[in-house]
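To start, the structure itself, in structure tokens.
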Ligand SMILES: [Ca+2]
């Protein structure tokens, strides 16, 4: 019963990574031995300023969170020292179409998605994402806006193929008129390729 209830109120975005050498993956994911910084509750302008400051200091974003509080976006993020000076990108407040375009562009550029965020601003669905240069050539897959039943199916499929989950984002379903979704829980286009 609980599964059914969840399916009616959430959509899920997920990023999975092919399991490579565990030791190698741990080094990438575990920032304990790497300098880091985090902020939260920042306004758009504060985030913009801090982002640029950390970028100059050779930090890259590894996680971003966005919430709408009293009608205003508030940003939280974790930055990590960019030890190998790899290419990266962190984009926010994208529409569905913009996110899709960036997803394609960065995939073609040899980047992989490490974090994705879905939220609403002024009643509109917005997305944020963080990409890094895929120096390791990890296989990866990501998709969003699936319901919990499809999420379960895909999770099992990719797990069997040797992927592990690196990020998952569940969020209330929201009307997306540009997708022809005005209410309820219709499935929208799914992103993701191995
Ligand atoms: Ca995040």
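General remarks:
- Order of 133, 97 under a 10 Å beta carbon neighbour criterion, fewest first: 97, 133
- Label-point gap, in nm, between residue 43 and residue 81 - each point 7 angstrom along Cα→Cβ: 3.3 nm
- As a proxy for reagent exposure, ranking 114, 69, 39 by other Cβ atoms within 10 Å from fewest up yields 69, 39, 114.
- Cα-based shape type of the stretch 45-168, given that a ≥ b ≥ c are square roots of the gyration tensor eigenvalues and the cut on a/c is 1.5: oblate
- Order of 43, 120 - criterion: other Cβ atoms within 10 Å of each residue's Cβ, fewest first: 43, 120
Read the figures in this text as sums done on the coordinates, not as results from a lab. Every value quoted in this text rests on a predicted model; they were computed, and no experiment measured them. No Cβ is skipped: glycine too gets one built from the backbone with ideal geometry, and neighbour counts run over all protein chains shown.
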